[in-house]
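A.B. asks: My questions all concern the structure below.
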Amino acid sequence: MLKKISMALLSSLILTLSAHAELSSTEIFETLQTFDGEWDFIEGKQRGSCSKGKNATSAIRFKMIGKATAVQENLMPGSSYQMVTMYHVEDLNEKDVIGTHYCVKKNQPAYRADLENSTDEKLIFKCDKTRTKLCTSEEPYGGSYVDSIVYEIMDDGDTLTVHYMGRGQKLNEPGYTRCKFNR
């Protein structure tokens, strides 16, 4: 009996540890690649800049470029709020996934994947202090840039919620831009 309980506890511990295992940069990039294609807004679920993209040719478009070495995210193409974020695996060491967001606010914050906190259902990118001064800037655009981007993947990959958060904003609190999309 004691042996069965010990095995059950050991199995539970292994499952718990594997559930919190860090994603690799390759796994994060491969997940970004699955977003390939055009997505539509989910009616009434937009907040912030996404609610202004009514004239966009599509809500969001992901495209693999450079023989699938980079992923281009094109948010609200064809509208006056069009923005682009480019992602790629950094160098040959494949240590990190990095990105640059070309914002309608006329700034270009740089991001690095949060490998420790990202999961299969939630990819997290945070401002990369080693690649941009915007992360710590007190300049006029420093307070109005996107500090982190969170992609929440739902419904077997057919629904995507993207959170664009400024400095100090937290997930699911009011005040940041949230966009919801369906394939």
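A.B. asks: Quick one: what are the phi-derived ³J(HN,Hα) couplings along the stretch 29-41, Karplus 6.51/-1.76/1.60 with θ = phi - 60°, whole Hz, x for glycine and proline?
C.D. replies: Taking θ as phi minus 60°, the curve returns 5, 5, 5, 4, 5, 5, 6, 3, x, 9, 10, 10, 5 Hz for the stretch 29-41.
A.B. asks: Could you tell me the extents of the stretch 23-182's C-alpha atoms along the three principal axes, largest first, rounded to whole Å?
C.D. replies: The Cα atoms of the stretch 23-182 stretch 41, 40, 28 Å along their principal axes.
A.B. asks: Taking 0.36 nm per residue of separation and subtracting the Cα-Cα distance, what length does fully extending MET64 through SER80 add? Kindly include the intermediate steps, with their values, before the conclusion.
C.D. replies: On the way: separation 16, 0.36 × 16 = 5.76 nm, distance 2.34 nm.
Difference between extended and current length: 3.4 nm.
A.B. asks: Cut-off is 10 Å between beta-carbons; in what order do ILE42, ILE153, ILE124 appear when sorted fewest neighbours first?
C.D. replies: Final ranking by Cβ density, sparse to dense: ILE42, ILE153, ILE124.
Where a number appears in this text, it was derived from the coordinates with a stated rule and is not lab data. Keep in mind that what you see is a predicted model, and the values were worked out from it rather than measured. Cβ: placed from backbone, ideal geometry, glycine included. Neighbour counts: every protein chain shown.
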